[in-house]
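The values are calculated or read from the model by the stated rules, or taken from the named source; none is laboratory data. Predicted model only: the values in this text are computed from it and were never measured. Neighbour counts are summed over all protein chains in view; Cβ atoms, including those assigned to glycine, are modelled from backbone coordinates with ideal geometry. Quick note on the areas: whole protein, heavy atoms, side chains included, nothing else; ligands and nucleic acids left out. Shrake-Rupley method; radii C 1.70, N 1.55, O 1.52, S 1.80 Å.
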Amino acid sequence: MRRKDREMTEEFAYTISDKCEWAVVSMIDPQGLPYCVPLSIVRNERSIYFHCAKDGFKVECLRNDPHVCVSCVGDTCRLLDEFTTEFESATVRGVAVEVEDDAEKVHALRLLCQRHTPTNMAEFDDAIAKSLSRTAIWRIDISEISGKRKKYDSHGKEMKFGRSE
């Protein structure tokens, strides 16, 4: 990381991955070209789960080369009196694995739904019964995570080196 003064702890980076609305997962396509896609994710310890169709270009890319990089963005704030933005982000590197075990798939889907649609959990079991067989679940096993932040305190001074108010 070039701006070491904005580097945050691993715990901070996990917090950002947990609260981001969606994340962008980058991969390499079968022709060796970059490809990225925004996804709804959920983290469970040192793994990130997402769901998708069983086939498609993303799945083709992941089966060809499972190494991925995930970008998560937390809170942002454009400053109106300066040419800058406050931000917090996390970058995750890891290997994507297609989940085959039904119990793990249901666990991952439950975590995803609890995070993204918690008010609809009463319908979860019916939805699983209808769609589990046609839903793919991928797990990204995290090998590296880092966090970064640019934030100002109430006096307008940038809080570097992980400083908080």
ask   = Can you find a residue in the stretch 47-55 that is farther than 19 Å from residue 141 by Cβ, touching a Phe, Trp or Tyr at 6+ places or on another chain (Cβ under 8 Å) and exposed (fewer than 13 other Cβ atoms within 10 Å of the Cβ)?
value = no
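Quick check, is residue 163 open to solvent by 50 Å² or more (accessible area, probe 1.4 Å), within 27 Å of residue 10 (Cα to Cα), outside any helix (DSSP H, G or I) and of a type in the set (Lys, Arg)? Even if it seems obvious, please write down each step before you answer.
Values: open to solvent by 50 Å² or more (accessible area, probe 1.4 Å): yes; within 27 Å of residue 10 (Cα to Cα): yes; outside any helix (DSSP H, G or I): yes; of a type in the set (Lys, Arg): yes.
It is true that residue 163 is open to solvent by 50 Å² or more (accessible area, probe 1.4 Å), within 27 Å of residue 10 (Cα to Cα), outside any helix (DSSP H, G or I) and of a type in the set (Lys, Arg).
Quick one: which residue in 32, 94 is free of Cβ contacts under 8 Å to residues at least 12 places away in the same chain and either open to solvent by less than 30 Å² (accessible area, probe 1.4 Å) or small (Gly, Ala, Ser) (or both)? Outline the logic, then answer.
Working: 94 fails: free of Cβ contacts under 8 Å to residues at least 12 places away in the same chain.
Only one candidate passes the filter, namely 32.
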inquiry  = Anything in the stretch 1-54 that is among the charged types (D, E, K, R) and touching a Gly at 6+ places or on another chain (Cβ under 8 Å)? List them, or say none.
reply    = 7, 10, 19
key: Qualifying positions in the stretch 16-29 - out of contact with any Leu (no Cβ under 7 Å at 6 or more places or on another chain) and open to solvent by less than 70 Å² (accessible area, probe 1.4 Å)   = 16, 17, 18, 20, 24, 26, 28, 29
inquiry  = Name the single residue that is most open to solvent (accessible area, probe 1.4 Å) among those in the stretch 35-46 being in contact (Cβ under 8 Å) with a residue 24 or more places away in the chain and closer than 14 Å to residue 16 by Cα.
reply    = 46
ask   = Filtering the stretch 109-126 down to residues that are of a type in the set (S, T, N, Q) and in a helix (DSSP H, G or I), which residue is most open to solvent (accessible area, probe 1.4 Å)?
value = 119
Test result for residue 106, among the hydrophobic types (A, V, I, L, M, F, W, C), surrounded by 14 or more Cβ atoms within 10 Å (Cβ to Cβ) and outside any helix (DSSP H, G or I) = no
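Would a scan of the stretch 61-78 turn up a residue that is open to solvent by 50 Å² or more (accessible area, probe 1.4 Å), farther than 24 Å from residue 16 by Cα and out of contact with any strand residue (DSSP E or B) (no Cβ under 8 Å at 6 or more places or on another chain)?
In the first step, residues of the stretch 61-78 are kept if they are open to solvent by 50 Å² or more (accessible area, probe 1.4 Å); the result is 63-64, 67, 71, 73, 75-78.
After this cut, where a residue has to be farther than 24 Å from residue 16 by Cα as well, the list is 63-64.
With out of contact with any strand residue (DSSP E or B) (no Cβ under 8 Å at 6 or more places or on another chain) added as a condition, the list becomes none.
The answer is no; no qualifying residue exists.
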query = Which members of the stretch 131-145 meet the condition of being hydroxyl-bearing (Ser, Thr, Tyr) and open to solvent by less than 80 Å² (accessible area, probe 1.4 Å)?
reply = 131, 135
